[in-house]
Amino acid sequence: MNFDLSDEQVLLREAARDAFGRVRTVEAAREALEGGELPDLWPTARQAGWTGLLVDEEHGGAGLGAIDAMLVAAEAGRVLASVPLLGHLPATAVAGGGGLDDETLGKLASGELRAAYVAARPGDDVDPAWTVEPRSGRRRAPAPQVARGGDGLATVNGTVCWVPDAVGADVLVAVGVDADGPVAVAFGPGAEGVAVEAASGVYDATRPLGHVTFESACGRVLAAGEDELRRAWFLAHALIAAESLGAVEECLQRSVAYAKERYTFGRAIGSYQAIKHALTEVLRRQENTRSLLYYAGWAYEDKPEEFAAAASAARAAGGAALDFAAREVISVHGGIGATWEHDAPLFFRRAQLSRRLLGGTGDAVDRLAGELLAV
Amino acid sequence: MDLNDTPEQAAYRTEVRAWIEQNASQAPATRGRGDEEAAVAAHRAWQRRLAEAGYVGVTWPAEHGGQGKGPLQQVVINQEIARAGVPGILDAIGVGMLGPTIIAHGTDEQKQRYLAPMLHGDEVWCQLFSEPAAGSDLAGIQTRARQAEDGSWRLSGQKVWTTNAQFAAYGLLLARTDPDAHKHKGLTMFVVPMDAAGVTIRPLRQISGEPEFNEVFFDDVELAPDAAVGPVNGGWGVALTTLMFERLTIGAGSEGMGYRADRFAAAIASDPVAAKDPEVRARFGELATELLALRFTGYRLLTAISRGQIPGPEAGMGKITAVNGAIAAGDLIADVLGPEALDPESEWSYLISFLPGLKSAGGTEEILRNTVGERVLGLPPEPRLDKGIPFSELRAKERQEVAS
């Protein structure tokens, strides 16, 4: 048994930490809330080879696995770096299953083209229907309707809301349904009938979202089958969970540092059990999330039938951990922690928005229950 | 990242599995109520059988009757035993924690005398550390050992939460030998024959009604001059060794505790209405997240152990996750099944009653969080009133405060 990162994976993580560390991402996150420009990290991602992380080597990718993608996502999350990998990586995982011409896939791997994943949620033991994010409310929207034509093309109709990284993407990989089940369709740059509206009222400026509408939009049918499309949905969950882990680590480190230097009643506040126990709870949740991410990474490769449960558990743990850690870092800092000038609110904003994306953490909890209870 | 056996481990697993299949008919039933003496005798025979096959104390050095193997081989045995549904050894505390302490600190004579019968289950051991007034603050124990002119010792005091004391041959006991020293400095570890004159053992019944533990009284018990394990007044270091092996045992054994999401899922899924109920699913999904995290944190811990790393205090967090996850599971299962879950014959009734006590066992949640906060996160300790003063003065001070 070896349930730890390999030396290569440790290097990948360190390289990602170094690369993000060279950019003032946290300051940029605050400035972006007031209309500032976010640093463009796509060239960084291309240079590091993250864009082709999940594409096989034959097509110019690195042929790595979910765990490697998660390690990069965790480092992005640690410093709130706005790098559109949450959209790109699941899209390339789907496109890598075939159906796309080699040239386009190669460009996705190199990052010359950037893709976004227009996700659909696989049905579960309660409701078998594939659904997508609605604009608002608890009722999920039906997945876009796909009508296959000749020549491997298809016409798609439908709307998907709150799609990460869709704005400005060159390629959209959308999951819809036809009479036989889920189908993935790829749309190239400027495809007719595809409209991407930037979501307004941005709570976390580092996480651009878009509403995507397909109106008799013509795209190319991809080869990925139901298993691959399920896997992509849970891969996106695992990446969000990984981003959360990095942010939790940062919140904990900042909380601990402040708890050692801030004194009340003649003692460092970290000496009080009320603070100490809360911070050990952050640590407990952090390590639980890490273990579940390793589980998800391992299942992605070696135990595909458990990947849905593993990624859902990681998403549930990571979302709750970040919410808890972000509230703690504010609380440990006292009133100043809730001011605009402080960094803590930026992590809090990340926590609140991330927990609601792609079905939300509540849906991940329900999915895990369904996976385990249905056996 | 690989959860599969190496070829070497796989071969070992095959061997262990075949042995258990051949010998399972000789295994006693997992312990229930009824004739305890007969059950203990059968369990003892089972340990001897396992020991003779080389499956007890596999991590002990060969010179002491062990196999000199790594902790992962122990895990393979634990997993195969759990898979076959047969009981493990009778004296897990002795073989897992107390024997290794004697190996680390005992004299050659002690190792010669005690280790082999312990391994074979001929002499079961118990751990005599906690007292009514010293649990989390273990160095605050008051059981007193005084040395006579001839070098022999006289022992008086009380221990509590003592598993297996009712049939143990020996106990490893921490006693105060110098009350005028600082509390950690005046302690010594002893081997105590449980049949010595002046030893009284009383069962301590738990919420379930079962006596899981004992309290043990020592009334002027005489111990031989060579009863001390490790240096006189150096008992705290010996105790820390035992506690380290306790963490190792818990770390290597987290799979076997039975607090598994799939086990609880089966109980809930037996009610198809519950399995589709959103509230039940939300509660179950939350606790399943915790228990899955426990399982895979356990694999991380085992990986570290197999590389020769010794688990630090953070390993104690697993106990917090396990206990609270299992409490949530018992609570949910009782909500789903209704009063039937609390029937004394139900496994859930036992689980529900057992867990409140487990919350304090092996360190309360609060003391574990203090330790992790200080040793792992590096947060400053609470101010202490017991630093730098003799234990005898500390006790007087405490009594004074209570009186005022």
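Here the strands (runs of 3 or more DSSP E) wholly within the range B:163-266 that include at least 3 residues being closer than 20 Å to B:G357 by Cβ and at pLDDT 95 or above are B:199-205, B:211-223. Would you call B:S349 among the hydroxyl-bearing types (S, T, Y) and in a helix (DSSP H, G or I)? Considered against the rule, which asks whether it is among the hydroxyl-bearing types (S, T, Y) and in a helix (DSSP H, G or I), B:S349 comes out as yes. For the criterion of being surrounded by fewer than 20 Cβ atoms within 10 Å (Cβ to Cβ) and at pLDDT 95 or above, B:Q127 fails.
Take the conditions (1) closer than 23 Å to A:G99 by Cβ; (2) at pLDDT 95 or above; A:P189 misses just one of them, which is (2). Summed over the range A:147-198, the residues that are in a loop (DSSP other than H, G, I, E, B), among the hydrophobic types (A, V, I, L, M, F, W, C) and within 27 Å of A:T51 (Cα to Cα) give a count of 4.
Scanning the range A:84-106 for residues that are more than 19 Å from the chain's Cα centre (by Cα) and part of a helix (DSSP H, G or I) turns up A:D102, A:E103, A:T104, A:L105, A:G106. With the structure loaded, tell me whether B:I320 is more than 10 Å from chain A (Cβ to nearest Cβ), of a type in the set (A, V, I, L, M) and in contact (Cβ under 8 Å) with a residue 12 or more places away in the chain or whether it fails that test. For B:I320, the condition - more than 10 Å from chain A (Cβ to nearest Cβ), of a type in the set (A, V, I, L, M) and in contact (Cβ under 8 Å) with a residue 12 or more places away in the chain - is not met.
Tell me, which residue of the range A:279-289 that is within 8 Å of chain B (Cβ to nearest Cβ) and not acidic (D, E) is surrounded by the most Cβ atoms within 10 Å (Cβ to Cβ)? By that ranking, first place goes to A:T289. Residues in the range B:298-321 that are assigned to a loop (DSSP other than H, G, I, E, B) and of a type in the set (S, T, N, Q): B:Q309 only.
Scanning the range A:1-16 for residues that are outside any loop (DSSP other than H, G, I, E, B) and either within 14 Å of chain B (Cβ to nearest Cβ) or surrounded by fewer than 17 Cβ atoms within 10 Å (Cβ to Cβ) (or both) gives A:N2, A:D7, A:E8, A:Q9, A:V10, A:L11, A:L12, A:R13, A:E14, A:A15.
Can you find even one residue in the range A:219-229 that is free of Cβ contacts under 8 Å to residues at least 60 places away in the same chain, in contact with a strand residue (DSSP E or B) (Cβ under 8 Å, 6 or more places away or on another chain) and assigned to a strand (DSSP E or B)? No, that holds for no residue. Within the range B:257-295, the only residue that satisfies the criterion of being under 11 Å from B:L332 (Cβ atoms), more than 7 Å from chain A (Cβ to nearest Cβ) and among the β-branched types (V, I, T) is B:V280.
Could you check, for the range A:247-263, whether at least one of its residues is in a helix (DSSP H, G or I), crowded, with 24+ Cβ neighbours inside 10 Å and under 17 Å from the mean Cα position of the chain (by Cα)? Yes, the range A:247-263 contains at least one residue that is in a helix (DSSP H, G or I), crowded, with 24+ Cβ neighbours inside 10 Å and under 17 Å from the mean Cα position of the chain (by Cα). Residues of the range B:368-390 that are touching a helix residue (DSSP H, G or I) at 6+ places or on another chain (Cβ under 8 Å), more than 7 Å from chain A (Cβ to nearest Cβ) and closer than 13 Å to B:D137 by Cα: B:L368, B:T371, B:L385, B:D386. One residue alone among A:P122, A:P90, A:P128 is surrounded by fewer than 18 Cβ atoms within 10 Å (Cβ to Cβ), under 20 Å from A:A311 (Cα atoms) and not polar (S, T, N, Q), and that residue is A:P128.
Residues in the range B:92-151 that are in contact (Cβ under 8 Å) with a residue 40 or more places away in the chain, small (G, A, S) and in a loop (DSSP other than H, G, I, E, B): B:G106, B:G121, B:G135, B:S136, B:G151. Within the range A:6-24, if we keep just the residues that are charged (D, E, K, R) and in contact with a helix residue (DSSP H, G or I) (Cβ under 6 Å, 6 or more places away or on another chain), the residue that is nearest to A:G63 (Cα to Cα) turns out to be A:R13. For the range A:323-375, name all the residues that are more than 26 Å from A:D125 (Cβ to Cβ), in a helix (DSSP H, G or I) and either β-branched (V, I, T) or within 14 Å of chain B (Cβ to nearest Cβ) (or both). Selection gives A:D323, A:F324, A:A325, A:E328, A:V329, A:I330, A:V332, A:I336. The number of residues in the range A:49-66 that are hydrophobic (A, V, I, L, M, F, W, C) and surrounded by fewer than 17 Cβ atoms within 10 Å (Cβ to Cβ) comes to 0.
Without any contact (Cβ under 8 Å) to a residue 60 or more places away in the chain and touching a Ser or Thr at 6+ places or on another chain (Cβ under 9 Å): is that true of B:L223 in this structure? Considered against the rule, which asks whether it is without any contact (Cβ under 8 Å) to a residue 60 or more places away in the chain and touching a Ser or Thr at 6+ places or on another chain (Cβ under 9 Å), B:L223 comes out as no.
For the range A:264-278, the set of residues classified as surrounded by fewer than 24 Cβ atoms within 10 Å (Cβ to Cβ), touching a Leu at 6+ places or on another chain (Cβ under 8 Å) and under 27 Å from A:A74 (Cβ atoms) consists of A:I275 only. Scanning the range B:296-306 for residues that are within 8 Å of another protein chain (Cβ to nearest Cβ), touching a residue at least 12 places away in the same chain (Cβ under 8 Å) and surrounded by 20 or more Cβ atoms within 10 Å (Cβ to Cβ) returns B:T297, B:Y299, B:L302. From the list A:G297, A:G337, A:G362, which one is modelled with pLDDT of 95 or more and surrounded by fewer than 19 Cβ atoms within 10 Å (Cβ to Cβ)? Unique residue meeting the criteria: A:G362. Those residues that are of a type in the set (A, V, I, L, M, F, W, C) and within 17 Å of B:D219 (Cα to Cα), I need them from the range B:128-170; list them, please. Matches in the range B:128-170: B:L128, B:F129, B:I141, B:A145, B:A148, B:W153, B:L155, B:V160, B:A165.
For the range B:267-297, the candidate set comprises residues that are of a type in the set (V, I, T) and at pLDDT 95 or above; within that set, the residue that is nearest to B:A326 (Cα to Cα) is B:T289.
The values are calculated or read from the model by the stated rules, or taken from the named source; none is laboratory data. The structure presented is a predicted model; accordingly, all values stated were derived computationally and were not measured. Reconstructed Cβ throughout: ideal geometry from the backbone, glycine too, with neighbour counts over all protein chains shown.
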